[in-house]
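Single-structure report; data block below.
Derivation of every value follows stated rules applied to the coordinates shown; laboratory data play no part. The model shown is predicted, which means the values in this text are computed figures rather than measured ones. Reconstructed Cβ throughout: ideal geometry from the backbone, glycine too, with neighbour counts over all protein chains shown.
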Amino acid sequence: MRPTYQVTELLGDGIGPELSRAIHSLADALPICLDFRVVDFTLENRRARGSKVYDEAIESITTTGVALKHPTVTAEESPNAVLRRRLDLSVIHRPVYTIPGVPTNFRRELDLDIVRIATGGTYDDPGRLIGDDGAVSLRIVERKPVREAARYAFNLARKTGKRVTSASKYTIQKATDGLFEAVAKEVAQSFPEVPHNSELFDALLGKVIMAPEKFQIVLVLNEYGDFLSDMACGLAGSLGIGASANLAFDASSVVRVALFDAAHGTAPDITGKNLANPTAIFLALSLLLYQLGEIAIGQAVKNATLDLLREGVRTRDLGGQESTETFTAAVAQEVARRLAPAPPEG
Ligand code: NAI
């Protein structure tokens with residue numbers, strides 16, 4: 001029997017239904033069973049049923065532990081902000097890598113996993129004026145979210161055989177960034193097989209540009225993660241074709257819920273035309289598979305998608321001829337081929 005996992009799927013707007021069909025076709029090609037619990041998260045249903053839709057989503061995600069979210073229109077409220085608040089999603093894992101076919105000014109290959117503490121830093125306090133000539137703001141670093149993010153980063157490294165770099169300004173922000181680095185080192189001790197080093201954040205930015213192959217998983221505080229993600233996306237030329245994991249933790253810093261989504265929006269201009277590029281939602285599914293512990297299948301989904309793009313099998317937004325359906329069929333076939341059991345010898 002194929003292993004079965006329950007997954008909450010939040011149906012979205014615009015190209016959301018096309019992406020959902022693509023995900024189900026790809027899931028059918030996997031050697032495991034993803035049992036989708038579907039929540040109608042369309043604008044129409046959110047308007048009709050209000051907070052009940054959110055209650056239903058939270059209940060389902062809390063039960064299944066993992067969720068895939070399709071893009072949604074931000075109208076009265078931002079569904080992403082509501083989910084972040086209600087599920088206490090405090091860490092963001094944003095892989096950023098070169099996507100074949102996406103034009104970029106950067107000639108090197110980039111493959112970074114940015115693990116960002118999504119609370120605190122300088123972002124929780126807008127600051128205040130002191131008289132007319134000065135202003136101050138608080139910089140907040142707490143042991144708990146740093147430990148959660150660090151444990152996630154090191155677990156990911158253990159599962160994928162990668163190294164972890166923690167980056168901050170610990171020589172200047174001695175108390176705050178010093179605490180961050182101390183917690184990272186503490187967590188590193190429980191993962192002796194994972195290589196770990198610290199970098200000053202400003203130096204890291206230069207080194208990622210000069211020698212991107214030296215960096216794999218980068219653990220950072222809130223604002224540094226914000227800066228690094230945008231710089232890396234700029235280098236990869238792929239602000240829209242990425243995916244993220246949004247994570248919440250239990251009291252022992254173990255992932256309690258993980259919500260995966262594509263970076264792009266609902267693409268109203270191409271809705272219903274079979275033109276949507278499902279790359280980002282496939283990459284989100286690959287992250288979800290990593291979270292389920294199905295590393296080989298997650299890697300097959302990611303690598304088959306990227307290799308097909310490299311070979312020129314692309315949708316029109318990337319200069320190709322494929323439709324959503326033909327691109328999806330190609331990826332599903334390639335994933336199934338890569339995961340097929342080897343024929344018996346002799
Ligand atoms: P958008 O990302 O939907 O579209 C920008 C451009 O990229 C459009 O030309 C679109 O056709 C293209 N595009 C986006 N995704 C594509 C895909 N998978 N395949 C091919 N082409 C694609 O951004 P926009 O127009 O600013 O926002 C539209 C709606 O999406 C808004 O209501 C916004 O609130 C919502 N949105 C939702 C997000 C989410 O749920 N995570 C994130 C960003 C925007």
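Most exposed first by the Cβ proxy, i.e. fewest other Cβ within 10 Å, how do 302, 159 rank?
Numbers: 302 21, 159 13.
Exposure proxy ranking, most exposed first: 159, 302.
Taking 20 °C and 1.002 mPa s as the conditions, I'd like the Stokes-Einstein D for the range 104-236 in µm²/s, using the Kirkwood hydrodynamic radius from alpha carbon pairs. Numbers along the way, then the final one.
Working: Rh = 15.5 Å.
Using the Kirkwood radius from Cα pairs, D works out to 138 µm²/s.
Pick out, from 228, 81, 154, the residue whose Cα sits farthest towards the positive end of the charge dipole of the chain, with +1 on the Cβ of Lys and Arg and -1 on the Cβ of Asp and Glu.
154
Which lysines does residue 144 reach when only Cα atoms under 16 Å apart count, and residues fewer than 8 places away in its own chain are ignored?
Within the straight-line cut-off, residue 144 pairs with 185.
Can you list which of the chymotrypsin sites (Phe, Trp or Tyr not before Pro) found in the range 53-150 are DSSP loop residues with at most 16 other C-beta atoms within 10 Å? Could the numbers behind the result be given before it?
Values: sites: 54, 97, 106, 123; in loops: 106, 123.
In loop regions of the range 53-150 (DSSP not H, G, I, E or B), the sparsely surrounded chymotrypsin sites (Phe, Trp or Tyr not before Pro) are 106, 123.
Counting other beta carbons within 10 Å of each residue's own, what order do 35, 113, 307 fall into, fewest first? Mind showing how you got there, number by number?
On the way: 35 11, 113 22, 307 14.
Taking fewest neighbouring Cβ atoms as first place, the list is 35, 307, 113.
Add +1 for every Lys or Arg and -1 for every Asp or Glu among the other residues with Cβ under 12 Å from the Cβ of residue 2, and state the total. Can you show the working numbers first?
Values: positive: none; negative: 28, 35, 294.
Net charge around residue 2: -3.
Go through the range 323-329 residue by residue and turn each phi into a ³J(HN,Hα) via Karplus (6.51, -1.76, 1.60, θ = phi - 60°); whole Hz please, and just put x for glycine and proline.
8, 3, 5, 6, 5, 4, 4
Give me a comma-separated list of calculated 3J(HN,Hα) values for the range 182-187, in order, Karplus coefficients 6.51, -1.76, 1.60 applied at θ = phi - 60°, integers in Hz, x for any Gly or Pro.
Residue by residue, the range 182-187 yields 5, 5, 4, 5, 4, 5 Hz.
Where both partners of a DSSP beta bridge lie in the chain, what percent of those bridges are antiparallel, to the nearest 5? Numbers along the way, then the final one.
On the way: 21 of 50 bridges.
Of those bridges, close to 40 percent are antiparallel.
Please state, as a whole number in µm²/s, the translational diffusion coefficient that the Stokes-Einstein equation yields for the chain at 37 °C and 0.692 mPa s, with Rh defined as the Kirkwood radius across alpha carbon pairs.
Values: Rh = 21.1 Å.
So the translational diffusion coefficient is about 156 µm²/s.
So how do 283, 110 line up by other beta-carbon neighbours within 10 Å, fewest first?
Details: 283 25, 110 21.
Listed from fewest to most nearby Cβ atoms, that is 110, 283.
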